[in-house]
Amino acid sequence: MSSDSGSHKKEEANRIYVTGYSAKESEMEIKNAFARHGEIQEFSWKGRFCFIAYAKPEDASDAVRLMNMQDFNGRNLIVELARAKKKDGACYQCGKQGHFARNCRQNRRSYSDSRYKKL
């Protein structure tokens, strides 16, 4: 089955995006929390967010299922499968030029909207 269900957002099966943790958290604390879910092949720390690539796609799926919206030292984590990198510098959220995904207007939904709407 090779359908992408009409979406332009292609996901990477073994790579996750993590944000929502406090600026006080260290790279090692986040990495250790996610290492419980499988062998980490790549850890890309960006400060307020990070990308983690697991050896197996099912480990990435487990991390998303078990860690998304979980309390981590008083903050709710946001954990999603990472979307494919854009080679042209466009936002991976909406596909437009001129901003990063973390600043994307498409992300600006209320908390209640984001919990009940599926993209």
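Summed over segment 58-85, the residues that are more than 13 Å from residue 14 (Cβ to Cβ), of a type in the set (D, E, K, R) and not in a strand (DSSP E or B) give a count of 2.
The residue that is nearest to residue 29 (Cα to Cα), counting only those in segment 73-88 that are of a type in the set (D, E, K, R) and modelled with pLDDT under 75, is 85.
Give segment 30-57 a look and list any residue that's touching a residue at least 12 places away in the same chain (Cβ under 8 Å) and assigned to a helix (DSSP H, G or I), or say none.
Residues satisfying the conditions are 30, 31, 33, 34, 57.
The values are calculated or read from the model by the stated rules, or taken from the named source; none is laboratory data. The shown structure was predicted, so the numbers you read here are calculated from the model rather than taken from an experiment. Heads up, the Cβs are rebuilt from the backbone with ideal geometry, glycines too, and the neighbour counts pull from every protein chain shown.
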